[in-house]
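Here the structure comes first, spelled out in structure tokens, and everything after it is commentary.
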Amino acid sequence: MWAASCLASCCAACACEACRTAVGSIGRRSARIAYCGLFALSLFASWALREVAAPLLQSIPWINHFHKTPDREWFETDAVLRVSLGNFLFFTILAVIMAGIKDQKDPRDKIHHGGWMAKIFCWAVIVFLMFFVPNGVVSFYESISKFGSGLFLLVQVVLLLDFVHGWNENWVAKDEQFWYMALLVVSVVCYIATFSFSGLLFHWFTPSGHDCGLNLFFIVFTLILVFAFAIIALHPKINGSLLPASVIGLYCTYLCYSGLSSEPRDYECNGLHNHSKAVSTGSLTLGLATTILSVVYSAVRAGSSATVLSPPDSPRGTDKPLLPFSKADEQEDKKDVPRPVTYSYSFFHLIFSLASMYSAMLLTGWSTSIGESGKLVDVGWPSVWVRIATQWATAGLFIWSLVAPILFPDREF
């Protein structure tokens with residue numbers, strides 16, 4: 001017993017030292033990666049508590065103060081929302097603290113890039129304290145999270161549009177036959193993928209013998225959007241390119257699939273999943289991993305992108321990598337010269353705040369506990385309509401990005 005105790009103590013000491021070393025090695029260039037890691041940790045914590053914390057929450061009197069105890073799914077949703085609320089407050093506080101930073105000589109710059117042991121401790125304390133707040137506060141956060149999630153989805157759409165237009169402009173600016181051919185090849189591949197994918201959607205989500213008018217409408221309307229993008233982009237007054245139209249068309253088709261696949265598993269028109277009621281741990285892991293990648297990419301990209309997302313008075317993003325490729329890059333930061341920050345710290349943390357709301361909605365099926373939806377990631381009718389609304393918003397913003405310079409030639413877009 002004594003030997004086991006000593007071994008456990010040694011292991012704990014080694015783990016603490018390893019953690020301290022890892023945290024101490026986080027530099028200026030790797031800070032954003034560290035924030036992403038902390039956010040991913042919060043998602044895994046939410047997922048784990050959703051699976052195991054229900055019995056514990058049922059025994060806490062200030063949470064389970066009902067005359068009739070709710071079902072297990074209510075407590076699973078409550079656990080996710082409380083972790084998400086703590087995450088939201090942590091990043092919102094950082095966003096407020098970092099407001100107005102212009103150069104790296106600002107003392108708050110060190111808070112953003114350093115003090116990781118203290119920040120991790122504060123994050124853990126805030127999340128822990130959220131399990132002591134009244135249910136009414138959590139219910140209010142659940143309500144506003146739906147709106148925050150919508151804002152985050154709009155951020156994703158704007159980022160995609162910025163990326164696609166930038167991609168097209170970059171290849172066209174090279175003004176070489178090879179790059180024009182590359183534009184054509186990529187566009188053709190995207191259209192082939194779009195129409196092939198659409199055929200699968202008809203096969204999976206409009207099974208014969210069932211009245212699946214809603215699914216049919218979603219798929220046909222998506223194809224109409226794909227053709228509309230190409231027609232508008234190639235209009236003589238627009239003088240656009242097929243590349244953005246093809247990529248956005250493929251993305252809208254994916255959103256249609258994502259929405260239809262989120263339909264309840266017992267829905268007769270969901271031919272992709274209606275024969276598999278049980279969802280394996282592997283499927284849940286894949287769904288959560290996809291969520292993490294999407295959220296982390298959007299947060300990092302939005303925090304450093306020089307797009308309309310950046311506030312007018314904020315620093316503009318650069319093309320520098322998240323991690324340095326040479327020691328010279330790290331040495332640049334050691335010069336005793338006030339250098340402007342390369343992205344808006346406050347906006348970066350604000351995106352993580354919105355991402356916290358979005359991830360909570362995904363893990364709780366947009367806070368619906370109907371049937372089996374509480375056991376899945378992003379399943380249920382609210383998820384379906386959120387995806388379809390995102391598709392329509394993407395289409396509207398893309399068409400606006402094409403016609404706005406024609407309608408308002410004197411304004412810069």
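The values are calculated or read from the model by the stated rules, or taken from the named source; none is laboratory data. These figures come from a predicted structure and were not determined experimentally. With ideal geometry, Cβ positions are generated from the backbone for all residues, glycine too; neighbour counts draw on all protein chains shown. Accessible surface areas use protein heavy atoms only, side chains included; no ligands, DNA or RNA. Shrake-Rupley method; radii C 1.70, N 1.55, O 1.52, S 1.80 Å.
Things worth noting here:
- Applying 1/(1 + (r/R0)^6) with r as the Cβ-Cβ distance of Lys102 and Arg72 and R0 = 56 angstrom yields a FRET efficiency of 0.65.
- Ordered from largest to smallest accessible area (heavy atoms of protein chains, 1.4 Å probe), the residues Ile406, Ile232 come out as Ile406, Ile232.
- Accessible heavy-atom area order of Glu169, Glu268, Glu73, Glu51, highest first, probe of 1.4 Å: Glu169, Glu268, Glu51, Glu73
- Integer Hz, Karplus 6.51/-1.76/1.60 couplings in order for segment 95-107, x for Gly and Pro: 4, 5, 4, 8, 4, x, 6, 10, 9, 7, 7, 4, x
- In order along segment 125-132, phi translates into HN-Hα couplings of 5, 4, 4, 4, 5, 5, 7, 10 Hz, rounded to whole numbers, per the Karplus curve 6.51 cos²θ - 1.76 cosθ + 1.60 with θ = phi - 60° and x for Gly and Pro.
- Table column - 3J(HN,Hα) (Hz), segment 254-261, Karplus curve with 6.51, -1.76, 1.60, x for Gly and Pro: 4, 4, 4, 4, 4, x, 5, 6
- Rounded FRET efficiency, nearest 0.05, which uses the C-beta distance separating Val133 from Val172 and R0 of 60 Å: 0.65
- Rough spin-label spacing in nm, given labels placed 7 Å along Cα→Cβ, for Tyr254 and Phe408: 2.9
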